[in-house]
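Participant: Please read through the structure below; I'll follow up with questions.
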Amino acid sequence: MPFSDPTADGPTIQRTSEIALKNGMSIKVLFDQLKTIRESVSIPLVLMGYLNPVYQYGVEKFCQKCNEIGIDGTILPDLPLDEFEAEYKTIFEQNNLHNILLITPQTSEARIRQIDAVSKGFIYMVSSSSTTGAGKKVEDFHADYFERIQHMNLKNPRLIGFGISDNATFTNACKYASGAIIGSAFVSSFSEELEIADSVAQFVKNMLIPN
Amino acid sequence: MKYQVNEKGYYGEFGGAWIPEMMFTNVDELKRRYLEIIESDSFRKEFDQLLKDYVGRPSPLYYASRLSEHYGSKIYLKREDLNHTGSHKLNNTIGQILLAQQLGKTRIIAETGAGQHGVATATVCALKGIKCIVYMGALDVSRQAPNVKKMKMLGAEVIPVHSGNKTLKDATNEAMRDWINNPEDTHYIIGSVVGPHPYPDMVARFQSVISAEMKKQLLEQTGSEFPTRILACVGGGSNAAGAFYHYLDDEQVELIGVEAAGKGIATDETAATLAVGSPGVLHSSRTMLMQNNDGQITEPYSISAGLDYPGIGPLHAHLFKTGRAKFLAATDEEVLKAVLLLTQKEGIIPALESAHALAALDKIKMNPDDVNVINLSGSGNKDMETYLNYFGY
């Protein structure tokens, strides 16, 4: 769900958001495209974006629509724990929608426990405090941070995101968590030459096979 | 204290801290510590001393007799343009640099529109010997060239921002991204009463020296602390917040904020957020925003780079919603007329931003005995190129 002012994103997602908006993308268009997705797709589906477009669409209406389509969760980086609990938790729960919350290397243990208690689905573990697509290398990852969280025995599975761009970073992330989230590398993989389905298949293959 | 922020960071329905988790530790530390720090005796002592000896406060409250005669009502100018660096912005950056030092931060970032906040930030960083990075929209870099050079001379690094409309909103996005990428050693000096709680309250407190002085000066000069009305321009709204602050609960004082209408509020080239906007979440605050039906932020326009912002501080959104303050809008053309009028009636060349407040004098009904205070937030030095081009001198 593109937004005009993606403050948590680096240049890649900024640029793709701009292109998507120019092409007329909106939440209405997205819901239209997803109307029958559950006839062919059974894996969990999570929508990612910023709060303001959802806010304008109407948070309650948005959650109902997600429920109707069969969307499982949202990642809205500017909807943090405190504001979510105060205003929207009930609406999300009524619509079986999980709001995925983030943790970073700076997040305190007490707050991680709080986030774990409120979360359903999974926790989005940010590999290092940065905007997306910052291009940090696998050796920059804080193994001690990953291990610290691993030993907390959280009830939710964790997925590691930010800086996952190839097989090496992906494999490393999977050592410490249930999986990884790939954004910038994915959107920059689309090429003019390949059909989108082929381009995605190629990308996934590269991600899974060591170079 | 009806119009003060509550413990959760809200002014009525507006405000809060809608921050990505990557900013949480920094914002939470500020939230927990800002009041204790800025209310401590040692902080107050150094802050007041610097305001006096370095900024040059108190700024005069000047009775503008020829302008008063022109309008047939008493007009006073609060001369923030006479502060060191030429605007009210230094009040806030002095406060925040002292706070940053208390927090042990060694790197300062800031966003700037007209460059006044950038210069004020670079100035306090030079004063304290702290590294300074200023984000500025590429369009503003070109239309406010003298301020860019000043910042560089002061030792700051100025990073032009090429995303979006290349103005203040985009510079703010980029400063936030910098803070996310530098979560430990950096303090972000936001220049206005915008952003996540506690910034709107913290910046308003630092700027509140304007209305604190105004009360004393009015009492001395008119026999009453209370003017009939106070007028101030509003982009994010920091000078207005400072000028209104100690009068918020004195409902007999009329408060008027003046937004930038740009080419007119009926056109799509405007920056008058309250006139054309609706509630939403931008830059970590729920406030009034200029946006389309899909919740995408629309590009503002104003001749004045300092007011070229599609949001407004949550305090002002609340004052608007409750009717405590009235908000008007002045077009580029009305503003330029007001610039020339003040220049030739009083020998004071105002900043484009401040001239919005002056232009509103043509839009309100004033009685001969009314006491009108205009917060003259900045000097026109930085706008000379615009003035020379427009007026053809």
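The values are calculated or read from the model by the stated rules, or taken from the named source; none is laboratory data. Keep in mind the model is a prediction, meaning the values are calculated, not measured. Cβ placement follows ideal geometry from the backbone for every residue including glycine, while neighbour counts extend to all protein chains displayed.
Participant: How many residues are surrounded by 21 or more Cβ atoms within 10 Å (Cβ to Cβ), outside any helix (DSSP H, G or I) and not charged (D, E, K, R) when one looks only at the stretch B:62-100?
Facilitator: The qualifying residues number 7.
Participant: Another question, if that's okay. Test B:Pro300 against the criterion of being of a type outside the set (Asp, Glu), modelled with pLDDT of 95 or more and within 18 Å of the chain's Cα centre (by Cα), and give yes or no. Before you say what the answer is, go through the steps one by one.
Facilitator: Numbers: of a type outside the set (Asp, Glu): yes; modelled with pLDDT of 95 or more: no; within 18 Å of the chain's Cα centre (by Cα): yes.
Against the criterion (of a type outside the set (Asp, Glu), modelled with pLDDT of 95 or more and within 18 Å of the chain's Cα centre (by Cα)), B:Pro300 does not qualify.
Table: residues versus (1) surrounded by fewer than 21 Cβ atoms within 10 Å (Cβ to Cβ); (2) touching a residue at least 40 places away in the same chain (Cβ under 8 Å); (3) within 14 Å of chain B (Cβ to nearest Cβ).
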residue	(1), (2), (3)
A:Ile100	no, yes, yes
A:Thr107	no, no, yes
A:Ala117	yes, no, no
A:Leu154	yes, yes, no
A:Pro157	yes, no, no
A:Ile164	no, no, no
A:Asn167	yes, yes, no
A:Thr171	yes, no, no
A:Cys174	yes, no, no
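Participant: I've got another one for you. Report, by residue number, each residue of the stretch B:260-269 that is touching a helix residue (DSSP H, G or I) at 6+ places or on another chain (Cβ under 6 Å) and not small (Gly, Ala, Ser).
Facilitator: B:Ile265
Participant: Return only the number of the condition from (1) surrounded by 21 or more Cβ atoms within 10 Å (Cβ to Cβ); (2) within 12 Å of another protein chain (Cβ to nearest Cβ); (3) closer than 25 Å to A:Phe162 by Cα that A:Ile71 does not satisfy.
Facilitator: Condition (2) is where A:Ile71 drops out.
Participant: Can you tell me which residue among B:Leu255, B:Leu289 is within 17 Å of B:Pro314 (Cα to Cα) and more than 14 Å from chain A (Cβ to nearest Cβ)?
Facilitator: B:Leu255
Participant: Given the conditions (1) more than 12 Å from chain B (Cβ to nearest Cβ); (2) over 13 Å from the mean Cα position of the chain (by Cα), which single one is not true for A:Gly121?
Facilitator: That leaves (2) as the condition not met.
Participant: Do you know which residues across the stretch B:248-266 are surrounded by 24 or more Cβ atoms within 10 Å (Cβ to Cβ) and under 13 Å from B:Ser208 (Cβ atoms)?
Facilitator: Matches in the stretch B:248-266: none.
Participant: Does B:Thr298 satisfy the criteria of being in contact with a Gly (Cβ under 7 Å, 6 or more places away or on another chain) and surrounded by fewer than 24 Cβ atoms within 10 Å (Cβ to Cβ)? I'd like the intermediate steps shown before the answer.
Facilitator: Working: in contact with a Gly (Cβ under 7 Å, 6 or more places away or on another chain): no; surrounded by fewer than 24 Cβ atoms within 10 Å (Cβ to Cβ): yes.
Taking the combined requirement at face value, the residue does not satisfy it.
Participant: Listed residues B:Gly164, B:Gly257, B:Gly237; which is within 16 Å of the chain's Cα centre (by Cα) and within 29 Å of A:Thr131 (Cβ to Cβ)?
Facilitator: Numbers: B:Gly164 fails: within 16 Å of the chain's Cα centre (by Cα); B:Gly257 fails: within 29 Å of A:Thr131 (Cβ to Cβ).
Of the residues listed, the single one that is within 16 Å of the chain's Cα centre (by Cα) and within 29 Å of A:Thr131 (Cβ to Cβ) is B:Gly237.
Participant: If I filter the stretch B:35-57 for residues that are in a loop (DSSP other than H, G, I, E, B), touching a residue at least 24 places away in the same chain (Cβ under 8 Å), more than 14 Å from chain A (Cβ to nearest Cβ) and on the phi < 0 side of the Ramachandran plot, do I get at least one hit? Steps first, please.
Facilitator: Within the stretch B:35-57, the first condition is being in a loop (DSSP other than H, G, I, E, B), and the residues that meet it are B:39-40, B:56-57.
Imposing the further condition that a residue be touching a residue at least 24 places away in the same chain (Cβ under 8 Å) reduces the set to B:56-57.
With more than 14 Å from chain A (Cβ to nearest Cβ) added as a condition, the list becomes B:56-57.
If we keep only those that are on the phi < 0 side of the Ramachandran plot too, we end up with B:57.
Yes, there is a match, as at least one residue in the stretch B:35-57 is in a loop (DSSP other than H, G, I, E, B), touching a residue at least 24 places away in the same chain (Cβ under 8 Å), more than 14 Å from chain A (Cβ to nearest Cβ) and on the phi < 0 side of the Ramachandran plot.
Participant: Take B:Ile180 and decide whether it is more than 17 Å from B:Ala100 (Cβ to Cβ) and buried (at least 24 other Cβ atoms within 10 Å of the Cβ). Lay out the reasoning, then the answer.
Facilitator: Details: more than 17 Å from B:Ala100 (Cβ to Cβ): yes; buried (at least 24 other Cβ atoms within 10 Å of the Cβ): yes.
For B:Ile180, the condition - more than 17 Å from B:Ala100 (Cβ to Cβ) and buried (at least 24 other Cβ atoms within 10 Å of the Cβ) - is met.
Participant: Just to verify a result, which residue in the stretch B:7-31, among those that are hydrophobic (A, V, I, L, M, F, W, C) and within 11 Å of chain A (Cβ to nearest Cβ), is farthest from B:His318 (Cα to Cα)? Can you show your working first?
Facilitator: So the first thing to find is which residues in the stretch B:7-31 are hydrophobic (A, V, I, L, M, F, W, C), and the list is B:14, B:17-19, B:22-24, B:27, B:30.
Imposing the further condition that a residue be within 11 Å of chain A (Cβ to nearest Cβ) reduces the set to B:17-19, B:22-24, B:27.
Working: B:Ala17: 16, B:Trp18: 17, B:Ile19: 20, B:Met22: 28, B:Met23: 25, B:Phe24: 25, B:Val27: 22 Å.
The residue in question is B:Met22.
Participant: Can you list the helices (runs of 4 or more DSSP H) found entirely within the stretch B:327-393 that contain at least 3 residues being in contact with a Cys (Cβ under 8 Å, 6 or more places away or on another chain)?
Facilitator: On the way: elements: B:332-346, B:352-359, B:384-391.
It comes to B:352-359.
Participant: Find the residue count for the stretch A:31-55, including only residues that are within 13 Å of chain B (Cβ to nearest Cβ) and under 29 Å from A:Ser129 (Cβ atoms).
Facilitator: Number of matching residues: 8.
Participant: Considering only residues of the stretch B:284-301 that are assigned to a loop (DSSP other than H, G, I, E, B) and among the charged types (D, E, K, R), which is farthest from A:Asp78 (Cα to Cα)?
Facilitator: Among residues in the stretch B:284-301 that are assigned to a loop (DSSP other than H, G, I, E, B) and among the charged types (D, E, K, R), the one farthest from A:Asp78 (Cα to Cα) is B:Glu299.
Participant: When you look at B:Val234, is it of a type in the set (Val, Ile, Thr) and within 14 Å of chain A (Cβ to nearest Cβ), yes or no? So that I can check it myself, show each step before the final result.
Facilitator: On the way: of a type in the set (Val, Ile, Thr): yes; within 14 Å of chain A (Cβ to nearest Cβ): no.
Criteria not met by B:Val234.
Let's see how each residue does on (1) at the interface with chain B (Cβ under 10 Å from one of its Cβ atoms); (2) modelled with pLDDT of 95 or more:
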{"position": "A:Ile103", "(1), (2)": "yes, yes"}
{"position": "A:Gln114", "(1), (2)": "no, yes"}
{"position": "A:Gly133", "(1), (2)": "no, no"}
{"position": "A:His142", "(1), (2)": "no, no"}
{"position": "A:Phe146", "(1), (2)": "no, no"}
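Participant: Looking at the stretch A:5-20, I want the residues that are more than 8 Å from chain B (Cβ to nearest Cβ) and have a partner that is surrounded by fewer than 19 Cβ atoms within 10 Å (Cβ to Cβ) and hydroxyl-bearing (Ser, Thr, Tyr) with Cβ atoms under 7 Å, at least 6 apart or on another chain. Which pairs are those?
Facilitator: A:Thr12/A:Ser188
Participant: Restricting to the stretch A:74-98, what's the tally of residues that are acidic (Asp, Glu), within 14 Å of A:Tyr55 (Cα to Cα) and more than 8 Å from chain B (Cβ to nearest Cβ)? Before you say what the answer is, go through the steps one by one.
Facilitator: Our first condition is that a residue be acidic (Asp, Glu); within the stretch A:74-98, this holds for A:78, A:82-83, A:85, A:87, A:93.
Those still in the list that are within 14 Å of A:Tyr55 (Cα to Cα) too: A:78, A:83, A:87.
From the residues that got through so far, the ones that are more than 8 Å from chain B (Cβ to nearest Cβ) too are A:87.
Selection size over the stretch A:74-98: 1.
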